[in-house]
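Structure first, commentary second.
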Ligand code: ITT
């Protein structure tokens, strides 16, 4: 594999994924370079949406494609916002409105446990019958007020209880070391190495 398209329209995800793929010595390209429009994500599972996004990008670029479908799952809300995390407060999508809606939904709740989930799907080509799949989860709690300015999405409200810091209070490198997406990417890289799709360094 010499080139890989990252099938996302989310610039923050693209940055996080690109940094972790850098050591592989493959050309990592954003789908925006090819003018790939946003894929439909009509499904109720992360895996189905990730597959749809990877297949859409692979089909339109003719290259291998990697997609991430992810979200925040809050225990006391029955796993919501889950797969609809990006548009929890409706369209047009807004991290600020999503965070406000989450805080309102959790007002007065004592159980603030939550986790981030990431499902990654890599397709060697659009008709690939054996997608390479990896997942990761990051457990934490939802704060009562936002903290920090880095990251994206729900990061100002998601507290890592080991660090006692919100994700928006840590650097991207530190986030990648522990995040759902970082965990999933490391598992994916192991699979790519096992299948000799990338160099084993
Ligand atoms: P693409 O589909 O184009 O990749 P997207 O942002 O729409 O971009 P998803 O449909 O997978 O991606 O939705 C993921 C949402 O879940 C994201 O927009 C955030 O609201 C939330 N989320 C996922 N990972 C996150 C993270 O690391 N930090 C903060 N919020 C995250």
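Key figures for this structure:
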| item | result |
| --- | --- |
| Computed Kirkwood radius, in angstrom, where 1/r is averaged over Cα pairs of the range 50-93 | 12.0 Å |
| Cα Rg, Dmax, the range 2-81, angstrom units | 13.7, 44 |
| Percentage relative contact order, the chain, counting C-alpha pairs under 8 Å, at least six apart | 18 percent |
| In nm, spacing of pseudo-spin labels at residue 75 and residue 103 (7 Å Cα→C-beta vector) | 2.3 nm |
| Helix 46-61 vs. the chain, principal-axis angle (Cα, 0 to 90°, nearest 10) | 40 degrees |
| Ranked list, fewest to most other Cβ atoms within 10 Å of each Cβ, for 15, 68 | 15, 68 |
| Mean-position separation - Cα centroids, the range 126-201 and the range 29-97, in angstrom | 15 Å |
| Cα-based convex hull volume of the chain per residue, rounded to whole Å³ | 115 Å³ |
| Using distinct alpha-carbon pairs, which all enter the 1/r mean, Kirkwood radius of the range 112-201 in Å | 14.4 Å |
| Sorted by Cβ neighbour density within 10 Å, fewest at the top, the residues 46, 34 | 34, 46 |
| For the range 59-132, alpha-carbon Rg relative to the globular expectation (2.2 N^0.38 Å, N residues) | 1.44 |
| Helix 95-105 vs. the chain, principal-axis angle (Cα, 0 to 90°, nearest 10) | 50 degrees |
| Surface/4 of the Cα convex hull for the range 146-196, nm² | 3.8 nm² |
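Read-outs throughout are calculated quantities, based only on the coordinates presented, and are distinct from any laboratory measurement. All figures in this text were calculated on a predicted structure; none of them were measured in a lab. Note that each Cβ is placed from the backbone with ideal geometry, even for glycine, and that neighbours are counted across all protein chains shown.
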